[in-house]
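Student: I am attaching a structure below and will ask some questions about it afterwards.
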Amino acid sequence: MKKRVLSGVQPSGNLHIGNYLGALKNWVEIQYDYESIFCIVDLHAITVYQKPEELRNNIRTLAALFLACGVDPKHSAVVVQSTVKQHAELAWLLTCVTPVGWLERMTQYKAKAALQETIGDGILQYPVLMAADILLYQAHVVPVGDDQAQHLELTRDIAQRFNSLYGETFVMPETKLPAVGARIMGLDEPDKKMSKSATGAGHAVALLDPPEVIRKKIMRATTDSNPAVDFAALGAGVRNLLTIYQAFAGCTDEQIRSRFEGMRYGDLKKQVAEIVVESLAPIQQRYREITASPEYLDAVLEESAARVRPVAEATVALVKDRMGVYSRR
Ligand code: AQP
């Protein structure tokens, strides 16, 4: 039997090349080696206020983008988290075995909490819900960008704690990071990771940005005061541009060095912009085709949820039974 892979993205804004290189590209490459489940985690998105109409649209856009990037719905399930109610149910059951101190230590919690006037409980519970997503399907492998590595560590801790309290129940999931592109930085602020919720106009290249917008954003990317690429003294901005090129081109460190050593920053940026434009063009074309038939997207989402629901039901039934929570005999 094939092992299971699970990953997800929040419909919290425009999908950017960091999400693509850190997660989606990897999903597409490994999907046939596993039984694959890819989630649109809308219950995670609402841990920070989302305008309802925007959220509704973002969910559909994200589902279409999964398919446009190459997720094959005949093989891989594309699941909207809130349509399989066991995600929320298991999250509560796991909350009850999770020490609050573990959650308060999460760097993403600290960073997000610092931006809010009132800290919603959902922000604290975010990683428990993520643990529930993964453990619900007994996933063996979770391909993510490296900002999520700490949450994966926590998922294993929660699974281990549950297993030691109630007996062997959960599979221990492994984190799978991409070899290149695990952390793409903001184009305007190369010391911060590229993020959907950042507001700077030149921060991120969105997967649906038109070619002229992509070129403009990359040509304006922050570099440093050197005139040309020097591998002995790479600044964060230049390193980020080289990583973006390498991840899209799929070339080795050696090939990158021989192509770009000594190249003026303006020329480097032109080459990065062109490879991003070229790589995103087929995704954008497929996206237009997919969104031309909304019924197709609804059918994929409904069929995917129906396919995974029996696994989710079985896990929750097992967990409730292990914990002694009421279940009909
Ligand atoms: N900058 C990044 N580089 C590489 N991978 C990244 N990922 C996110 N940012 C980068 C990976 O993309 C997947 C989906 O991310 P998410 O939607 O769950 O949320 P996030 O990690 O919090 O990403 P964002 O874009 O920064 O969203 P907001 O601003 O809404 O919080 C994950 O696998 C993540 O690792």
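The values are calculated or read from the model by the stated rules, or taken from the named source; none is laboratory data. Quantities reported herein were computed from a predicted structural model and do not represent experimental measurements. No Cβ is skipped: glycine too gets one built from the backbone with ideal geometry, and neighbour counts run over all protein chains shown. Note: areas computed on protein heavy atoms with side chains; ligands, DNA, RNA excluded. Shrake-Rupley method; radii C 1.70, N 1.55, O 1.52, S 1.80 Å.
Student: Find the eigenvalues of the gyration tensor of the Cα atoms of the stretch 178-243, then list the square roots of 5 times those eigenvalues as equivalent ellipsoid semi-axes, largest first, in whole angstrom.
Tutor: Gyration-tensor ellipsoid for the stretch 178-243: 20, 14, 11 Å.
Student: Here is a follow-up. Contact order normalised by length for the chain, with contacts defined as Cα pairs under 8 Å and 6 or more residues apart; what percent is it?
Tutor: 23 percent
Student: Under the rule of at least 5 residues apart or a separate chain, name every residue whose amide H is placed under 5 Å from the amide H of His16.
Tutor: The answer is Leu207.
Student: Right, something else. Using the per-residue mean of other Cβ atoms lying within 10 Å as a proxy for protection, in what order, highest first, do the peptides 101-107, 266-272, 283-289 fall? Write out the running numbers ahead of the final one.
Tutor: Numbers: 101-107: 13.0, 266-272: 17.6, 283-289: 14.7.
The packing order, highest mean first, is 266-272, 283-289, 101-107.
Student: In what order, largest first, do Arg257, Arg156, Arg328 sit by accessible area if the probe radius is 1.4 Å?
Tutor: Arg328, Arg257, Arg156
Student: In whole Å, how far is the Cα centre of the stretch 229-304 from that of the stretch 12-44?
Tutor: When both Cα centres are located, 16 Å separates them.
Student: Under a Cβ-Cβ cut-off of 15 Å, what is the net charge of the residues other than Met219 that fall near it, where Lys and Arg count +1 and Asp and Glu count -1? Don't jump to the answer; show the numbers that get you there.
Tutor: Working: positive: Arg215, Lys216, Lys217, Arg220, Arg264, Lys269, Lys270; negative: Asp188, Asp209, Glu212, Asp267, Glu274.
Around Met219, the surrounding residues sum to +2.
Student: Rank Tyr126, Tyr109, Tyr137 by mean-square fluctuation in a GNM of the chain with C-alpha springs under 10 angstrom and give only the top-ranked residue.
Tutor: Tyr109
Student: Let me ask something else. Would you kindly state how much longer the chain becomes between Asp33 and His75 on full extension, computed as 0.36 nm times their sequence separation minus their alpha carbon distance, in nm to one decimal?
Tutor: Roughly 14.1 nm would be gained on extension.
Student: Please give me, ordered by residue number, the GluC sites (Glu not before Pro) of the stretch 131-237 that lie in loop per DSSP and have at most 14 other Cβ atoms within 10 Å.
Tutor: Of the GluC sites (Glu not before Pro), the ones in loops of the stretch 131-237 whose Cβ has at most 14 other Cβ atoms within 10 Å are Glu168.
Student: Sum -39500 (n - 2.57) across every DSSP H segment of at least 4 residues in the chain, then divide by the residue count to get the 222 nm mean residue ellipticity, nearest 500.
Tutor: Calculated mean residue ellipticity at 222 nm is -17000 deg cm²/dmol.
Student: Can you send over the solvent-accessible area of Ser76, 1.4 Å probe, protein chains only, in Å² to the nearest 10?
Tutor: Surface accessible to solvent at Ser76 totals approximately 0 Å².
Student: Want the number for Gln160 to Val48: 0.36 nm per residue separation, take away the alpha-carbon distance, what's left?
Tutor: Roughly 37.4 nm would be gained on extension.
Student: Could you state how much accessible area Leu177 has, in square angstrom rounded to the nearest 10, with a 1.4 Å probe and all protein chains kept in place?
Tutor: Estimated to the nearest 10 Å², Leu177 gives 80 Å².
Student: Next question, about the same structure. Can you give the net charge of the other residues whose Cβ lies under 14 Å from the Cβ of Val128, counting K and R as +1 and D and E as -1?
Tutor: Counting the neighbours of Val128, the net charge comes to -3.
Student: Ok, one more. For a Förster distance of 25 Å, can you work out the FRET efficiency between the beta-carbons of Gln116 and Gln150, rounded to the nearest 0.05?
Tutor: Rounded to the nearest 0.05, the efficiency is 0.80.
Student: What list of whole percents do you get for P(r) of the chain, with Cα-Cα distances grouped in 20 Å bins up to the one holding the largest distance?
Tutor: 30, 56, 13, 0
Student: Which of Lys176/Lys196; Lys74/Lys320; Lys110/Lys193; Lys51/Lys85; Lys110/Lys216 have a Cα-Cα distance over 24 Å?
Tutor: Violating the 24 Å Cα-Cα cut-off are Lys74/Lys320; Lys110/Lys216.
Student: Based on DSSP, what percent of beta bridges with both residues in the chain are antiparallel, to the nearest 5?
Tutor: Of all bridge pairs located within the chain, approximately 20 percent are antiparallel.
Student: Long-range amide H contacts for Lys176: which residues qualify at under 5 Å (H placed 1.01 Å from N, peptide plane, sequence gap of 5 or more or a different chain)?
Tutor: Amide H neighbours of Lys176: Val142, Val144.
Student: Still on this structure, please answer the following. With the full set of protein chains in place, find how many percent of the accessible area of the stretch 213-324 is carbon and sulfur; take the probe as 1.4 Å. Could the numbers behind the result be given before it?
Tutor: Numbers: 2970 of 5840 Å².
Ligands and nucleic acids excluded, carbon and sulfur give 51 percent.
Student: Quick one: if you stick a label point 7 Å off each Cα along the C-beta vector at Arg259 and Arg286, how many nm between them?
Tutor: Computed distance between label sites Arg259 and Arg286 equals 2.2 nm.
Student: Report, in whole Å, the centroid distance computed from the Cα atoms of the stretch 53-95 and the stretch 107-158.
Tutor: 16 Å
Student: Where in the stretch 134-152 is the amide nitrogen less than 20 Å from a point lying 7 Å along the Cα-to-Cβ axis of Asp321?
Tutor: 135-139
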